1. For E138, which sequence-distant residues (separation of 5 or more, or a different chain) have an amide H within less than 5 Å of its own amide H, given hydrogens modelled in the peptide plane?
2. For the stretch 22-151, would you read off the P(r) tail past 23 Å as a percentage of all alpha carbon pairs?
3. Sequence-distant or interchain residues sharing an amide H contact under 5 Å with C81, placed H: which?
4. Using 7 Å Cα-to-Cβ label points, what is the A60/Q98 separation (nm, one decimal)?
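Each reported figure results from applying straightforward, stated rules to the coordinates on display, with no laboratory input. What you see is a predicted model; the values in this text were computed from it and never measured. Glycine also receives a Cβ, built like all others from the backbone with ideal geometry; neighbour counts cover every protein chain displayed.
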Amino acid sequence: MRTIFLGLAALLCCATSHAVTTITADAVFTVEFRGGDEGPIIDPPFTGEGSFSLRESRWAAFSFDMFGHHWSLDDMDPAFCPTFQCFPDENGDLEKIQIHFADDAGEGFLSFDFLQGIFFMSVAVGDMGVVGSNDSGEASADFLEFSHRVNVPEPGSLTLLTLVLLGLGWIRRPAHRVGQARAARSV
């Protein structure tokens, strides 16, 4: 019985140390494609607007409009934002959010690299399409509203509970069992 209890305690301690850091974020943004670099300058530029919500690294809401077309949360796959697309840096700050969306009419990819300050976009609908970044001066993004939180798990509380339960189990050993064990050894 004690072996099972100790094994369970060890499992709980180890499980808390491998908890996953998640992101919660809300944003309303606009994008603009001006062209240039290797293509013609677009005047007036192509514009798009959108919003998103992430809850514990899961897409809760998404909306993006460009070229007269609308994409929503239903056009995203997967609904979970994996760590290679939404992740914090080693300091726990939000480093990057990448969004991929597609439907029968078109598709797009938006990448917001907060650490390096780089925005990249690729959006296509029918015969209209743009690819560019703010790094090359072809595109830009502007957040009208943006809030985020990196959720770092607290492994200490479950570990502490496990240690307390382990200690109580060790202390509360019935005295008669201790006496019986001593008597059995002396025989």
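1. Under 5 Å from the amide H of E138 lie the amide H atoms of S133, each far enough along the sequence or on another chain.
2. When all Cα pairs of the stretch 22-151 are counted, 29 percent exceed 23 Å.
3. Hits under the 5 Å cutoff: R58, W59.
4. Reported label-point gap for A60 and Q98 is 2.5 nm.
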